[in-house]
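Novice: Handing you this structure, nothing more for now.
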Amino acid sequence: MGVVSIFCETLLVPLSVLVTLGYHAYLCHSLRRHPGVTTIGFNCIKRRSWLHQLNQGDDKQGMLAVQSLRNTLMGSILTGTVTIIITLCLGALINNTFNVFHHFRRMILFSVVTDTSAPTGLESKIIAIKYGSAYIFLVTSFLSSSLGISYLVDANFLINAVGGELDAEYTRTVLERGFTLVAVANRVLCLTLPLLLWMFGSVPMFISSLALVWLLYQLDFPPAQLHYTSSHLSTSTT
């Protein structure tokens with residue numbers, strides 16, 4: 001490993017992590033203090049208003065609810081499928097990489113090659129960290145997507161069931177948990193992209209982290225004209 005490569009790994013990788021963590025800390029702060037200024041909070045307020053106006057046990061309203069949640073379910077299933085495909089490809093790549101490492105070590109052991117650029121123990125550990133971090137994020141995304149699908153399926157059933165005020169509150173809780181887990185799955189899958197590009201170097205990881213944060217900011221914070229509407233929705237549902 002060259003000096004320049006070590007310097008880039010030491011400087012750019014922590015910067016990428018700090019930029020991503022800092023943005024999501026700011027997003028969590030905005031969700032807690034002013035939920036209406038974020039897309040996640042705005043959608044949550046709209047869902048509460050929609051569920052508040054929805055009559056449980058009504059066939060027409062129940063069918064509308066099922067059709068409304070169907071797109072979210074299909075998106076969650078697609079996210080889980082993509083995550084599984086990437087995980088399998090990553091596992092095959094890990095297997096091939098470490099097979100090459102062991103092959104190089106055997107050749108060096110028997111003095112077949114004397115190339116100093118052959119993979120060293122430090123490089124193998126760094127590559128293991130790169131693959132392992134991406135793998136953990138992919139598994140987290142898949143588990144969150146699976147749990148979100150199960151909660152949304154339960155919400156479909158509860159919306160069509162006849163119940164009182166207590167059941168309506170439980171239905172709202174199940175629905176919000178489902179949408180929250182789906183949002184977490186999509187977000188973690190997006191955050192896996194810089195980790196996958198980290199395998200090509202720290203510079204692609206840093207550039208992709210900056211681009212991802214900029215893109216997420218455009219998606220997470222709606223235009224200013226929606227803030228007034230979301231504030232009125234929050235006061236009407238409480």
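The values are calculated or read from the model by the stated rules, or taken from the named source; none is laboratory data. Source: prediction; values computed, not measured. With ideal geometry, Cβ positions are generated from the backbone for all residues, glycine too; neighbour counts draw on all protein chains shown.
Novice: Are any residues in segment 129-166 in a helix (DSSP H, G or I), closer than 14 Å to L51 by Cα and in contact with a helix residue (DSSP H, G or I) (Cβ under 7 Å, 6 or more places away or on another chain), and if so, which ones?
Specialist: Those that are in a helix (DSSP H, G or I), closer than 14 Å to L51 by Cα and in contact with a helix residue (DSSP H, G or I) (Cβ under 7 Å, 6 or more places away or on another chain): L152, A155, N156, L158, I159.
Novice: Moving on. Would it be correct to say that A118 is modelled with pLDDT under 90 and assigned to a helix (DSSP H, G or I)?
Specialist: Taking the combined requirement at face value, the residue does not satisfy it.
Novice: Okay, moving on. Residues of segment 10-50 being of a type in the set (V, I, T), within 21 Å of L195 (Cβ to Cβ) and under 20 Å from the mean Cα position of the chain (by Cα), which ones?
Specialist: Scanning segment 10-50 gives V13, V17, V19, T20.
Novice: Being surrounded by 15 or more Cβ atoms within 10 Å (Cβ to Cβ) and either β-branched (V, I, T) or at pLDDT 80 or above (or both) is the filter; apply it to segment 94-105 and report the residue that is farthest from V188 (Cα to Cα).
Specialist: Checking each candidate, the answer is T97.
Novice: When the residues of segment 51-62 are narrowed to those that are part of a helix (DSSP H, G or I), modelled with pLDDT under 65 and surrounded by 14 or more Cβ atoms within 10 Å (Cβ to Cβ), which ends up nearest to the chain's Cα centre (by Cα)?
Specialist: Restricting to residues being part of a helix (DSSP H, G or I), modelled with pLDDT under 65 and surrounded by 14 or more Cβ atoms within 10 Å (Cβ to Cβ), the top hit is G62.
Novice: Return the residue satisfying two criteria in turn: it lies in segment 131-180 and is among the aromatic types (F, W, Y) and closer than 30 Å to L191 by Cβ, and of such residues it is modelled with the lowest pLDDT.
Specialist: Y131
Novice: Looking only at segment 188-226, how many residues end up being assigned to a helix (DSSP H, G or I) and without any contact (Cβ under 8 Å) to a residue 12 or more places away in the chain?
Specialist: Residues that pass the stated criteria total 9.
Novice: Within the bounds of segment 190-201, is there any residue that is at positive phi and more than 19 Å from the chain's Cα centre (by Cα)?
Specialist: Yes: segment 190-201 contains one or more residues that are at positive phi and more than 19 Å from the chain's Cα centre (by Cα).
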